[in-house]
Amino acid sequence: MKFAFIDKKSPQPEKVLAYAEKKVGKLDRYFRSDAEATVRFQEKKRGQVKLEVTVRTDSAIFRSETYSDSMYSAIDAAVDTIEGQIRKNKTRLAKRLRTDAFDPVEFTGVDSAEAEPEATLEVARAKRFPLRPMSVEEAVLQMNLLGHTFFAFRNADEGEAFAVVYAREDGGYGLIVDQP
């Protein structure tokens, strides 16, 4: 697994980076090919830390964001969250993950009768509407007028490619553009 460490405000000690590499590296057993892990450290107010772990494979992206009082517990929680995502969706991810990713030994603590039933992916509502060509600024305005957190449109600035604008947690906006 390839690693990239990003420090938002202050550099992390080498032992924290080594601990993160060791713990996140354990996720490598789930993936067929080389995965890329990005670990983003950020110190917040009053000694609290924020940790984002993103693992990218050739067919899926797993992400976890945790807040804690120590980097070590944040790393543990983030890895546990990603493992939980993989386990929860193991049947859906079976074609994308390594065939031996889920050893029988791994689930010895969970009785099959106790295991949670797998939720079905059921679409509760479907909407159909034409996607109009517009600029990114118009799409952001339309999203805000509707009170939504995202808005799909045809980007007039990119040759009418499919695009989505979305509201970010930091107050800014993001743009996703279809790349043919």
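Is one or more of the residues making up segment 127-138 among the small types (G, A, S) and open to solvent by less than 80 Å² (accessible area, probe 1.4 Å)?
yes
Is there a residue being of a type in the set (G, A, S) and under 17 Å from Q85 (Cα atoms) anywhere in segment 38-50?
no
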- [ ] Name the single residue, out of those in segment 34-72 being farther than 17 Å from E14 by Cα, open to solvent by 20 Å² or more (accessible area, probe 1.4 Å) and in a loop (DSSP other than H, G, I, E, B), that is modelled with the highest pLDDT.
- [x] D69
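Every residue, every condition in (1) open to solvent by less than 40 Å² (accessible area, probe 1.4 Å); (2) at pLDDT below 90; (3) in contact with a helix residue (DSSP H, G or I) (Cβ under 9 Å, 6 or more places away or on another chain); (4) not aromatic (F, W, Y), yes or no:
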| site | (1), (2), (3), (4) |
| --- | --- |
| D80 | no, no, no, yes |
| K88 | no, yes, no, yes |
| L93 | yes, yes, yes, yes |
| T120 | no, yes, no, yes |
| M143 | yes, yes, no, yes |
| F151 | yes, no, yes, no |
| A156 | no, no, yes, yes |
| R168 | no, no, no, yes |
- [ ] Report whether or not I75 is part of a helix (DSSP H, G or I), touching a Phe, Trp or Tyr at 6+ places or on another chain (Cβ under 9 Å), modelled with pLDDT under 85 and open to solvent by less than 20 Å² (accessible area, probe 1.4 Å).
- [x] no
- [ ] Considering every residue within segment 17-33, establish whether at least one is open to solvent by 90 Å² or more (accessible area, probe 1.4 Å) and either touching a Ser or Thr at 6+ places or on another chain (Cβ under 8 Å) or in a loop (DSSP other than H, G, I, E, B) (or both).
- [x] yes
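Output the residues belonging to segment 1-36 that are in contact (Cβ under 8 Å) with a residue 12 or more places away in the chain and aliphatic (A, V, I, L, M). Even if it seems obvious, please write down each step before you answer.
Initial filter on segment 1-36 (in contact (Cβ under 8 Å) with a residue 12 or more places away in the chain): 1-10, 12, 16-17, 19-21, 23-36.
Scanning segment 1-36 gives M1, A4, I6, V16, L17, A20, V24, L27, A35.
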- [ ] For residues that are assigned to a strand (DSSP E or B) and either among the hydroxyl-bearing types (S, T, Y) or more than 29 Å from Q42 (Cα to Cα) (or both), tally how many sit in segment 152-180.
- [x] 9
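The values are calculated or read from the model by the stated rules, or taken from the named source; none is laboratory data. Values in this document were obtained by computation on a predicted structure and should not be read as measured data. In this analysis, Cβ positions are derived from the backbone assuming ideal geometry, glycine residues included, and neighbour counts consider all displayed protein chains. These area figures cover heavy atoms from the full protein model, side chains too; ligands, DNA and RNA do not enter into them. Shrake-Rupley method; radii C 1.70, N 1.55, O 1.52, S 1.80 Å.
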